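As structure tokens, the structure follows; a few thoughts come after it.
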Amino acid sequence: MDALEEARLAIRAVDKDIAALFERRMHLAAQVAGYKREHGLPVLDSRQEKKVVASGMEDIKDQSLKGYYARSLENTMSLSRDYQDSLMGTLSGITVGRGLLFRAGEYFDLRRKVLIVTDEGVPEQYARAVLSACSDGHILTVAGGEDGKTLEGAARILEELLSLDFTRSDAVVAVGGGVVGDMAGFASACYMRGIDYYNVPTTLLSQVDSSVGGKTAVNLAGVKNIAGAFHSPRAVLVDTDTLDTLSDRLFAEGMAELVKMAATCDEALFSRIENCSDLRSQIGEFIEDALRIKMSVVRQDPYEQGLRAVLNFGHTIGHSIEAAAQGKYYHGECVAMGMLYMSDGPARERLERLLTRLGLPVADEFDTDTLMSYAASDKKRSEAGFKIVTVSNIGSFEFETVSALQLRGIIQRYK
């Protein structure tokens, strides 16, 4: 056995010890979660975490390793927070409620230079409410809609940050729908290799989906979300008062993404939506339930290496419909139609019935060749084929990788 193999075997033995200690630590974190739940304490305790890092650094004798160990502790504590959130059913960093726009200073660190990014379709008072809480705030209004979600749109934000002499200590706040959140998040990820940003989603679609999870992106050469980065917001405020101004069509669009998460992961939530006679009055509860599903998935698979693909239910063909429609349908409407292609049996019947009741379209007008031509550009396609999510029973899902010919057959089945 050579020296390299001996070292690797020794490392493996150490890894086993670390695994046992990690498991023990997480069990203790669960005990802490129980105490926090009982006493109404938040999961995040920044002061305590700083103490843990400072104390841990003293345990490391090799000066060259202190910084590495600090990073290891920070990562471990981040995982502990995620685990505690899952046990307590909490949404750390995400606050849902009414009137939150006017309390942004309580949830965001705005005692620095802040750029508030919004678009012309968002009521002006929303951005101004956040501005009033800033010590040095600036508002930038960008073009709305998918046509504006481009590298040029993100470049405008970057240029504004540069012209205002923003540093790594400053922050961006996105106020608006998914387009604003995506562009502001992407620009924040790029500027000086990453600065803080906060998200204030003002549409139901963005509140239940794109505002959390850390995926930011812009469109390129007609391909949706093909240029992007993982960059999570420091905090998210979901003010359900902003939904009062949404049209029925925009509200229904957001419900499509909420239904998506229930259809794949939570049959009880799906049933509650089916049986709710006044969705608007109870929407805060539904948003929180949807976010718990999404954040549970994201915590387990932050960089979309496996489980997170479940959030793409309805998107494979939905994106093709969206591209072919050239603005005729909203994103959520396309996802609604896309879900029906990927479901069958009683699940499909329930889905179609619910989507119809919500006022969402359940059939598109495009032929198979057209949809397949756009599917060929899907960023989730690999050499092995298309990874799709199918639902046969509400509340559960299956992954399947299909060839282009098989995907064509799936489309053709319902044409």
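The values are calculated or read from the model by the stated rules, or taken from the named source; none is laboratory data. On a predicted model such as this, the values are computed, not experimentally measured, just so you know. Here the Cβ positions follow ideal geometry from the backbone for every residue, glycine too, while neighbour counts run over all protein chains shown. Note: accessible area is taken over every heavy atom of the protein model, side chains too, but ligands, DNA and RNA are not part of it. Shrake-Rupley method; radii C 1.70, N 1.55, O 1.52, S 1.80 Å.
Just name the residue that is surrounded by the fewest Cβ atoms within 10 Å (Cβ to Cβ) out of those in the range 353-370 that are in a helix (DSSP H, G or I) and under 25 Å from the mean Cα position of the chain (by Cα).
To start, the set of residues in the range 353-370 that are in a helix (DSSP H, G or I) comprises 353-357, 368-370.
Still in the list and also under 25 Å from the mean Cα position of the chain (by Cα): 354-355.
On the way: Leu354: 21, Leu355: 23.
My answer is Leu354.
Return the residue satisfying two criteria in turn: it lies in the range 203-226 and is assigned to a strand (DSSP E or B) and within 28 Å of Arg98 (Cα to Cα), and of such residues it is nearest to the chain's Cα centre (by Cα). Lay out the reasoning, then the answer.
Applying the first criterion (assigned to a strand (DSSP E or B)) to the range 203-226 yields 215-220, 223-226.
In the following step, the residues that additionally are within 28 Å of Arg98 (Cα to Cα) were identified as 215-216.
Working: Lys215: 6, Thr216: 9 Å.
Only one residue fits best here, namely Lys215.
Can you name every residue in the range 119-153 that is among the aliphatic types (A, V, I, L, M), touching a Gly at 6+ places or on another chain (Cβ under 9 Å), open to solvent by 10 Å² or more (accessible area, probe 1.4 Å) and not in a loop (DSSP other than H, G, I, E, B)?
Restricting attention to the range 119-153, the residues satisfying the condition of being among the aliphatic types (A, V, I, L, M) are 122, 127, 129-131, 133, 139-140, 142-143, 151.
Then drop every residue that is not touching a Gly at 6+ places or on another chain (Cβ under 9 Å), which leaves 122, 127, 130-131, 133, 142-143.
Narrowing the set further to residues that are open to solvent by 10 Å² or more (accessible area, probe 1.4 Å) leaves 122, 131, 133, 143.
Leu131, the sole residue that qualifies.
Just one of Arg103, Arg156, Arg112, Arg98 is open to solvent by less than 40 Å² (accessible area, probe 1.4 Å) and of a type in the set (Lys, Arg); which is it? If you could, list the steps in order and put the result at the bottom.
Working: Arg103 fails: open to solvent by less than 40 Å² (accessible area, probe 1.4 Å); Arg156 fails: open to solvent by less than 40 Å² (accessible area, probe 1.4 Å); Arg98 fails: open to solvent by less than 40 Å² (accessible area, probe 1.4 Å).
The conditions single out Arg112.
I'm checking my understanding of the structure. Among residues of the range 395-404 that are touching a strand residue (DSSP E or B) at 6+ places or on another chain (Cβ under 9 Å) and either part of a strand (DSSP E or B) or more than 12 Å from Asn312 (Cβ to Cβ) (or both), which one is most open to solvent (accessible area, probe 1.4 Å)?
Residues of the range 395-404 touching a strand residue (DSSP E or B) at 6+ places or on another chain (Cβ under 9 Å): 397-404.
Filter once more, keeping what is either part of a strand (DSSP E or B) or more than 12 Å from Asn312 (Cβ to Cβ) (or both): 398-404.
Values: Glu398: 122, Phe399: 77, Glu400: 85, Thr401: 79, Val402: 2, Ser403: 47, Ala404: 52 Å².
Ranking the qualifying residues of the range 395-404, first place goes to Glu398.
Is the range 262-273 home to any residue that is aromatic (Phe, Trp, Tyr), out of contact with any Lys or Arg (no Cβ under 6 Å at 6 or more places or on another chain), within 21 Å of Pro361 (Cβ to Cβ) and buried (at least 17 other Cβ atoms within 10 Å of the Cβ)? Before you say what the answer is, go through the steps one by one.
Narrowing the range 262-273 to residues aromatic (Phe, Trp, Tyr): 270.
Subsequent filtering for residues that are out of contact with any Lys or Arg (no Cβ under 6 Å at 6 or more places or on another chain) retains 270.
When the remaining residues are screened for being within 21 Å of Pro361 (Cβ to Cβ), the result is 270.
When the remaining residues are screened for being buried (at least 17 other Cβ atoms within 10 Å of the Cβ), the result is 270.
Checked the range 262-273: at least one residue is aromatic (Phe, Trp, Tyr), out of contact with any Lys or Arg (no Cβ under 6 Å at 6 or more places or on another chain), within 21 Å of Pro361 (Cβ to Cβ) and buried (at least 17 other Cβ atoms within 10 Å of the Cβ).
Based on this model, can you work out whether Phe386 counts as surrounded by 14 or more Cβ atoms within 10 Å (Cβ to Cβ) and part of a strand (DSSP E or B)? Full working, then the answer.
Numbers: surrounded by 14 or more Cβ atoms within 10 Å (Cβ to Cβ): yes; part of a strand (DSSP E or B): yes.
Yes; evaluated as a whole, the condition is true for this residue.
With the condition kept exactly as written, say whether any residue in the range 258-277 is over 24 Å from Leu115 (Cα atoms) and modelled with pLDDT under 95. Spell out how you get there, then give the answer.
Step one: filter the range 258-277 for residues over 24 Å from Leu115 (Cα atoms), giving 258-277.
Filter once more, keeping what is modelled with pLDDT under 95: 277.
Yes: one or more hits.
Please give the number of the condition Val238 fails out of (1) closer than 30 Å to Ser392 by Cβ; (2) under 16 Å from the mean Cα position of the chain (by Cα); (3) at pLDDT 95 or above.
So the condition that Val238 fails would be (1).
So Leu291 clears everything in (1) out of contact with any Leu (no Cβ under 6 Å at 6 or more places or on another chain); (2) within 27 Å of Ile226 (Cα to Cα); (3) not in a loop (DSSP other than H, G, I, E, B) except one condition, right? Which one?
In the conditions (1) out of contact with any Leu (no Cβ under 6 Å at 6 or more places or on another chain); (2) within 27 Å of Ile226 (Cα to Cα); (3) not in a loop (DSSP other than H, G, I, E, B), Leu291 misses (1) alone.
So which of Tyr329, Tyr341 is open to solvent by 10 Å² or more (accessible area, probe 1.4 Å) and either free of Cβ contacts under 8 Å to residues at least 60 places away in the same chain or among the small types (Gly, Ala, Ser) (or both)? Can you show your working first?
On the way: Tyr341 fails: either free of Cβ contacts under 8 Å to residues at least 60 places away in the same chain or among the small types (Gly, Ala, Ser) (or both).
Only one candidate passes the filter, namely Tyr329.
In the range 227-247, which residue that is touching a residue at least 12 places away in the same chain (Cβ under 8 Å) and assigned to a helix (DSSP H, G or I) is farthest from Val173 (Cα to Cα)?
Thr245
For the range 164-202: of the residues being closer than 20 Å to Leu91 by Cβ and in a helix (DSSP H, G or I), which is most open to solvent (accessible area, probe 1.4 Å)?
Only one residue fits best here, namely Gly178.
Residues to consider are Ser320, Ser277, Ser373, Ser281; find the one that is open to solvent by less than 60 Å² (accessible area, probe 1.4 Å) and among the small types (Gly, Ala, Ser).
Values: Ser277 fails: open to solvent by less than 60 Å² (accessible area, probe 1.4 Å); Ser373 fails: open to solvent by less than 60 Å² (accessible area, probe 1.4 Å); Ser281 fails: open to solvent by less than 60 Å² (accessible area, probe 1.4 Å).
Matching residue, one of Ser320, Ser277, Ser373, Ser281: Ser320.
From Tyr414, Tyr341, grab the single residue that is closer than 19 Å to Glu257 by Cβ and either more than 22 Å from the chain's Cα centre (by Cα) or hydroxyl-bearing (Ser, Thr, Tyr) (or both).
Details: Tyr414 fails: closer than 19 Å to Glu257 by Cβ.
Checking each option against the conditions leaves just Tyr341.
Assess whether Ala7 counts as being closer than 21 Å to Asn75 by Cβ, open to solvent by less than 100 Å² (accessible area, probe 1.4 Å) and without any contact (Cβ under 8 Å) to a residue 24 or more places away in the chain. Give the derivation first.
Details: closer than 21 Å to Asn75 by Cβ: no; open to solvent by less than 100 Å² (accessible area, probe 1.4 Å): yes; without any contact (Cβ under 8 Å) to a residue 24 or more places away in the chain: yes.
Spelling it out, it is not the case that Ala7 is closer than 21 Å to Asn75 by Cβ, open to solvent by less than 100 Å² (accessible area, probe 1.4 Å) and without any contact (Cβ under 8 Å) to a residue 24 or more places away in the chain.
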